[in-house]
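Have a look at the structure below, then the notes.
None of the figures in this text is laboratory data; all of them are computed from the coordinates on show. Just so it is clear, the model here is predicted, and its values are computed rather than measured. Positions of Cβ are generated from backbone atoms using ideal geometry, with glycine treated the same way; all protein chains shown enter the neighbour counts.
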Amino acid sequence: MTVTKEFFFGGDQVLTCKIPLYEEWVVSVLNELQTDRKNFQYSHQIGGRWENSYLSVDLVPSVRVPMQLARNLAKEKWGVSTVVLYESLSIFSNPHPPFWFNIAQVGEKTGIHDHAKYASISGVVYLQCNSDCGDLFFIKEGQDDLTITPEVGKMVLFPSFLRHGVQINKSNQNRISLAFNLFPFPLPSEEW
């Protein structure tokens, strides 16, 4: 059984948990990431850095673990049925897979955004982080920000429409995370 913690944020819920056997899993995914880093594809730059770094699931098969766990937790905790996708579908305008890595160097941050265009549940898992590497925060009008401190192996799940960002990395190493989207089940048969 996965131990979870739920936060209630203006009528919405944010869930955190540790990936089971996360120590081994993190080593595995970081090794896959390092081995195939030369194959990164990118979607956009913000503040002079590539915001999202993409690899094919064939190169980083370990990403399946948290994405499948997220699907199961969304159903168990929130009663939400979702689909895990490992590559883009033709209905999406983005040719990249619906999971990506964020590598924030010292002094970098991630601006406020959401993932609401197609996704229903979004998640992030921390692969490398330490104190002062930049907290994840959620914002909503009329609410105090909800802040979540990164920990290696921690997964955070949230409704894709929740606006969020990441504070400046003030630590002495890169912050590395895996982010992903889950999609409503069943998927619509026509373009969204």
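Tell me the net charge near residue 134. Cut-off is 10 Å between Cβ atoms, residue 134 excluded, with +1 for each Lys or Arg and -1 for each Asp or Glu.
Within the 10 Å Cβ shell, the charges total 0.
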Q. How big, in percent, is the set of alpha carbon pairs in the chain lying more than 28 Å apart?
A. 20 percent
Q: Using the number of other C-beta atoms within 10 angstrom as an exposure proxy, rank 8, 40 with the fewest first.
A: 8, 40
Q: Beyond 19 Å between alpha-carbons counts as too far, so tell me which of 5/75; 38/117; 5/109; 140/170; 18/117 fall in that bin.
A: 38/117; 5/109; 140/170; 18/117
Q. How big is region 96-146 in terms of Cα radius of gyration and Dmax, in angstroms?
A. 12.9, 35
Q: Assign one of three labels to region 127-192, namely rounded, prolate or oblate, based on the Cα gyration tensor with a ≥ b ≥ c the square roots of its eigenvalues; rounded applies when a/c is under 1.5, prolate when it is not and a/b is larger than b/c, and oblate otherwise.
A: oblate
Q) Which Cys in the chain stand alone, with every other cysteine's Cβ at 4.7 Å or more from theirs? A) 17
Q: Report, in debye and to the nearest 20, how large the dipole of region 4-184 comes out about its Cα centre when Lys and Arg carry +1 and Asp and Glu carry -1 on their Cβ.
A: 140 debye
Q | Dipole of the chain, positive end: most advanced residue of 180, 89, 130 [Cβ charges, Cα centre] | A | 130
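Multiplying the sequence separation of residue 39 and residue 87 by 0.36 nm and subtracting their Cα-Cα distance, what value in nm do you get? Spell out each step's value before the answer.
Numbers: separation 48, 0.36 × 48 = 17.28 nm, distance 1.55 nm.
Full extension of this stretch gives 15.7 nm more.
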Q: Determine ³J(HN,Hα), in whole Hz, for all residues of region 143-157 in sequence, where each value follows from phi through the Karplus function 6.51 cos²θ - 1.76 cosθ + 1.60 and θ = phi - 60°; x replaces Gly and Pro.
A: 10, 5, 4, 9, 10, 10, 7, x, 9, 4, x, 7, 10, 10, 10
